[in-house]
Amino acid sequence: MNYTQQEVLQFVSEEDVKFIRLAFCDVFGKQKNVSIMNDELQKAFEYGIAIDGSAIAGFGGNIHSDLLLHPEPETLSILPWRPENGRVVRMFCNITYPDGRPFESDTRTLLKKAVEVAKQKGYTFNFGAEQEFYLFNLDENGEPTSKTYDNAGYMDIAPDDKGENIRREICLTLEQMGIHPETSHHEEGPGQNEIDFRYSDPITSADNVLTLQTIVKTISHRNGLYANFNPKPIESKPGNGFHINISVKPNENSQNITFVIAGVMKRIAEMTAFLNPCEQSYERLGTNKAPKYISWSSENRSQLVRIPASSNINRRAELRSPDPTVNPYIAYALIIYAGIEGIKNKTDIPVVADFDMYEADESILKQYETLPPTLKAARQLAKNSDFVKQYLPESIINIYCGE
């Protein structure tokens, strides 16, 4: 629901709201927040709430460290797991310097700029997210163990699948917060689960990605479990992916989405340091259906991109290389810019690869370029990329690509 400032103030007054969480994330996509009391909300809207940027990863040093959080009223959401008396709500924020200038390492604002650029060129992007995570038992001290919650497999049911009640609670909580999960099921790994939610505009989708991870971790912990979103929690088992579903309008004759994906594939190697930002990311790529080659298909899931068969203008594409350690605001922004470039240049999409990359002959595989094999290689490609330099501020590039 799109609230105005006045409606938020009225809601807080009438609904016994005592605490307002002002949410943002660091440059790596880790959610942060500061809580204010209800009588500070008017001040937050008018002037912002000060934070120490030097204490946040990627937000700079001790000099000029003061930053201001500005809550966006349209993002108001009740936190259903908090008490009914003295309720808690949350709003996402934009970040500025005290003089009002946008803070360049505020990745949410970075995505807003990409959305506006696309709009000015006549294009509207939507994103849907599919996130995977493992559930591990906690020990008697509340610390994570290496024991998975169950040993079930892909789309198994209870009693083998012990996670269905956890997923149910997560999905109901998402609904209470205005987020619409589409599907949830057990994944291939023991204790591994997946929850997908309905596509939406880029900012809302990225906000929802952070919200989902918070809810999953909160509800899991409340049930004596630890939710792990790392790319490869168990060396010999499938990794956790963050599959991004992309659509664009207008999409005349289903062509624009093809150009978008061609643009993404052209730039994917340069973008990988931001889509797969940790060492463990590269233990996942090239294993258990996680892509290694820069290829696409309409049929199988061993490819980088899957474009489900469709003859209508609502055709979408699924990018399968990112993992849940990604900052979704950066990921979506880079995808939008690469997509716009693909549409502008009418970039040719490579020949379809409708075969299993894991069973293909080496002579065939040699025809395909690969994703960077290591984080070091990915960082080097990003640092040398004119495309990345054009759309990301130097501060973020240095933080991600510094040795």
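Of the helices (runs of 4 or more DSSP H) that lie entirely inside segment 310-392, those containing 1 or more residues that are within 20 Å of the chain's Cα centre (by Cα) and modelled with pLDDT of 95 or more span 328-345, 375-383, 386-391. Exactly one residue out of 108, 101, 90 is among the basic types (Lys, Arg) and over 25 Å from residue 324 (Cα atoms), and it is 101. Return a yes/no flag: does segment 370-382 have any residue that is of a type in the set (D, E, K, R), surrounded by 12 or more Cβ atoms within 10 Å (Cβ to Cβ), within 25 Å of residue 252 (Cα to Cα) and out of contact with any Lys or Arg (no Cβ under 7 Å at 6 or more places or on another chain). Taking every residue of segment 370-382 in turn, none turns out to be of a type in the set (D, E, K, R), surrounded by 12 or more Cβ atoms within 10 Å (Cβ to Cβ), within 25 Å of residue 252 (Cα to Cα) and out of contact with any Lys or Arg (no Cβ under 7 Å at 6 or more places or on another chain). The selection criterion, being surrounded by 23 or more Cβ atoms within 10 Å (Cβ to Cβ), touching a Pro at 6+ places or on another chain (Cβ under 7 Å) and aliphatic (A, V, I, L, M), does not hold for residue 353. For segment 187-205, residues that are open to solvent by less than 60 Å² (accessible area, probe 1.4 Å) and not in a helix (DSSP H, G or I) total 11. One residue stands out among those in segment 64-81 that are open to solvent by 40 Å² or more (accessible area, probe 1.4 Å) and of a type in the set (D, E, K, R): the one that is farthest from residue 391 (Cα to Cα), which is 74. When each of 236, 184 is tested for being surrounded by fewer than 21 Cβ atoms within 10 Å (Cβ to Cβ), out of contact with any Ser or Thr (no Cβ under 7 Å at 6 or more places or on another chain) and assigned to a loop (DSSP other than H, G, I, E, B), the lone residue that passes is 236.
Residue pairs whose Cβ atoms lie under 9 Å apart, separated by 6 or more positions or on different chains, with the first residue in segment 360-387 and within 21 Å of residue 339 (Cα to Cα) and aromatic (Phe, Trp, Tyr) and the second part of a helix (DSSP H, G or I) and at pLDDT 90 or above, are 387/266; 387/267; 387/270; 387/271; 387/334; 387/337; 387/338; 387/341.
A count restricted to segment 97-135 and to residues that are part of a strand (DSSP E or B) and open to solvent by less than 20 Å² (accessible area, probe 1.4 Å) stands at 9. Inspection of segment 82-89 identifies at least one residue that is open to solvent by less than 80 Å² (accessible area, probe 1.4 Å), under 27 Å from residue 330 (Cβ atoms) and not aromatic (Phe, Trp, Tyr). Within segment 235-248, residues that are touching a residue at least 60 places away in the same chain (Cβ under 8 Å) reach partners that are charged (D, E, K, R) and not in a loop (DSSP other than H, G, I, E, B) with beta carbons closer than 6 Å, at six or more positions or on different chains, in the pairs 239/284; 240/132; 241/132; 243/130; 243/318; 245/318.
The lone criterion from (1) within 30 Å of residue 93 (Cα to Cα); (2) part of a loop (DSSP other than H, G, I, E, B); (3) among the basic types (Lys, Arg) left unmet by residue 162 is number (1).
Just so you know, in segment 385-402 the residues that are among the hydrophobic types (A, V, I, L, M, F, W, C) and more than 24 Å from residue 117 (Cα to Cα) include one that is surrounded by the fewest Cβ atoms within 10 Å (Cβ to Cβ), and it is 399.
Can you name every residue in segment 11-60 that is among the hydroxyl-bearing types (Ser, Thr, Tyr) and either modelled with pLDDT of 95 or more or touching a Cys at 6+ places or on another chain (Cβ under 7 Å) (or both)? Result: 35, 47. Summed over segment 4-56, the residues that are assigned to a loop (DSSP other than H, G, I, E, B), in contact with a strand residue (DSSP E or B) (Cβ under 9 Å, 6 or more places away or on another chain), surrounded by 14 or more Cβ atoms within 10 Å (Cβ to Cβ) and not β-branched (Val, Ile, Thr) give a count of 2. For segment 188-211, a residue qualifies if it is of a type in the set (S, T, N, Q) and touching a residue at least 24 places away in the same chain (Cβ under 8 Å), and the qualifying residues are 192, 193, 200, 205, 208, 211. For segment 143-169, a residue qualifies if it is open to solvent by less than 30 Å² (accessible area, probe 1.4 Å) and either closer than 21 Å to residue 181 by Cα or free of Cβ contacts under 8 Å to residues at least 60 places away in the same chain (or both), and the qualifying residues are 150, 152, 153, 161, 163, 166, 167.
When 182, 164 are checked against the criterion of being touching a strand residue (DSSP E or B) at 6+ places or on another chain (Cβ under 9 Å), farther than 28 Å from residue 235 by Cβ and of a type in the set (Asp, Glu), 182 stands alone in meeting it.
The values are calculated or read from the model by the stated rules, or taken from the named source; none is laboratory data. None of the values given here were measured: they were computed from a predicted structure. When we count neighbours, we look across all protein chains shown, and the Cβ atoms used for this are built from the backbone with ideal geometry, even at glycine. Side chains are part of the model used for accessible areas, which takes the heavy atoms of the whole protein and leaves out ligands, DNA and RNA. Shrake-Rupley method; radii C 1.70, N 1.55, O 1.52, S 1.80 Å.
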